[in-house]
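Below is one structure, written out as structure tokens, with a few remarks after it.
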């Protein structure tokens with residue numbers, strides 16, 4: 001395990017509901033606001049997303065069958 005005191009593993013309600021895609025349209029990025037001393041996650045669009053399009057992330061190189 002990394003000795004970084006800021007490292008934290010967590011489950012994120014709502015973000016864990018995003019579907020997997022090998023071509024995701026969003027990414028979950030950590031962000032640290034050093035001025036306020038806060039850290040949080042940012043959902044960043046990887047391309048233009050249509051209003052009725054679902055948001056998808058990549059869970060890594062495994063196929064969908066491995067993730068079920």
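The values are calculated or read from the model by the stated rules, or taken from the named source; none is laboratory data. Note that this is a predicted model, so its numbers are computed, not measured. Using ideal geometry, Cβ is built from the backbone for each residue, glycine included, and neighbour counts are taken over all protein chains shown.
Go through 24, 51, 5 for me and flag whichever is modelled with pLDDT of 90 or more and exposed (fewer than 10 other Cβ atoms within 10 Å of the Cβ).
Numbers: 24 fails: exposed (fewer than 10 other Cβ atoms within 10 Å of the Cβ); 5 fails: modelled with pLDDT of 90 or more.
Going through 24, 51, 5 in turn, the sole match is 51.
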- Six or more apart or on different chains, Cβ under 8 Å: which pairs go from a residue in segment 9-22 that's under 11 Å from residue 58 (Cα atoms) to one that's assigned to a loop (DSSP other than H, G, I, E, B) and modelled with pLDDT of 85 or more? Could you list them? 18/55; 19/54; 19/55; 20/58; 21/58; 22/58
- Scanning segment 49-66 for residues that are touching a strand residue (DSSP E or B) at 6+ places or on another chain (Cβ under 8 Å) and part of a loop (DSSP other than H, G, I, E, B) gives 49, 54, 55, 58, 59
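Every residue in segment 23-44 that is more than 26 Å from residue 63 (Cβ to Cβ) and assigned to a strand (DSSP E or B), please.
Let us first name the residues in segment 23-44 that are more than 26 Å from residue 63 (Cβ to Cβ), namely 30-40, 42.
Once the filter is applied, which keeps residues that are more than 26 Å from residue 63 (Cβ to Cβ) and assigned to a strand (DSSP E or B), segment 23-44 yields 30, 31, 32, 33, 38, 39, 40, 42.
Restricting to segment 27-48, and then to whatever is surrounded by 12 or more Cβ atoms within 10 Å (Cβ to Cβ) and within 12 Å of the chain's Cα centre (by Cα), can you tell me which residue is modelled with the lowest pLDDT?
Applying the first criterion (surrounded by 12 or more Cβ atoms within 10 Å (Cβ to Cβ)) to segment 27-48 yields 27-28, 39, 41, 43, 46.
If we keep only those that are within 12 Å of the chain's Cα centre (by Cα) too, we end up with 27-28, 41, 43, 46.
Numbers: 27: 90, 28: 88, 41: 85, 43: 89, 46: 96.
That would be 41.
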